[in-house]
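> Can you read through this structure? Questions will come right after.
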Ligand code: PRP
């Protein structure tokens, strides 16, 4: 069982570290099987996906080239602003490569829709999506998630990369924020 540090008074454990790691191991196996004998480019979408990405690539038993893209659609609050800023772009071409885009959460689908359209224009050999979490109740843009760890209700999830105004990303579990 994960233990909540004493300073996290408003946070409940929602998905434990053990459950997350076990699911990541399964996803890593799936990706390994699907791309057997090939190389893949894993693109982590910053900031939220950094931790998921780090754990996921350790479970992929293939040559992986890791890249990050920066995209931000939220301000300091809990609702999407509807705007997307690309804050960091890829360092290398993905032309002819197998690409897996890794998100921490797909909420409205806006971020992934925008990113996929952009990446498709760069002529990858294949383009797949992977997300730690998906909130189907918030969907505005239907984007297929090829590798999904967990589906969640419309709850305010934090931790394991997900933040509330920049806080809580460091938690090794996914928590529920209960408010002040
Ligand atoms: C979050 C999350 C996804 C996006 C999902 O990013 O990491 O990228 O929102 O929402 P959507 O499906 O409605 O587009 P955010 O902009 O909060 O930046 P962060 O990853 O730095 O926290």
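All of the numbers you see were taken from the coordinates with simple rules; none came from a lab. Worth saying up front: this structure is predicted, and the values here are computed from it rather than measured. So basically every Cβ, Gly included, is an ideal-geometry build from the backbone, and we count neighbours across all protein chains shown.
> Compute the helix-to-body angle for 17-34: its Cα long axis versus the longest principal axis of the chain, expressed 0 to 90° and rounded to tens.
Tilt of helix 17-34: around 10 degrees.
> Can you tell me how much longer the chain between residue 88 and residue 22 gets when fully stretched, taken as 0.36 nm per residue apart minus their C-alpha distance, in nm with one decimal?
20.7 nm
> Show that you can apply the helix-only estimate: for the chain, add -39,500 (n - 2.57) for every DSSP H stretch of four or more residues, divide by all residues, and state [θ] at 222 nm to the nearest 500.
Calculated from helices alone, the mean residue ellipticity at 222 nm is -6500 deg cm²/dmol.
> Sticking with this structure for a sec: Going by the alpha-carbon gyration tensor, a ≥ b ≥ c the square roots of its eigenvalues, is segment 11-177 rounded (a/c under 1.5) or, if a/c is not under 1.5, prolate (a/b greater than b/c) versus oblate?
Working: a/c = 1.78, a/b = 1.24, b/c = 1.43.
Oblate.
> Between residue 12 and residue 121, what is the label-point separation in nm under the 7 Å Cα-to-beta-carbon projection?
That separation, rounded to one decimal, is 4.4 nm.
> Still on this structure: Using only alpha carbon pairs under 8 Å that are at least six residues apart, calculate the relative contact order of segment 87-152 and give it in whole percent.
Relative contact order for segment 87-152 comes out at 37 percent.
> Can you tell me which of 32, 87, 139 moves the most in a GNM of the chain? Springs connect C-alpha atoms under 10 Å apart.
Ranking 32, 87, 139 by mean-square fluctuation puts 87 first.
> Report, to the nearest 10°, how far helix 110-120 tilts away from the longest principal axis of the Cα atoms in the chain, using its own Cα long axis and a range of 0 to 90°.
Relative to the chain, helix 110-120 is tipped by roughly 10 degrees.
> Quick one: compute the contact order of segment 11-177, relative version, from alpha carbon pairs under 8 angstrom and 6+ residues apart, as a percent.
So the answer I get is 25 percent.
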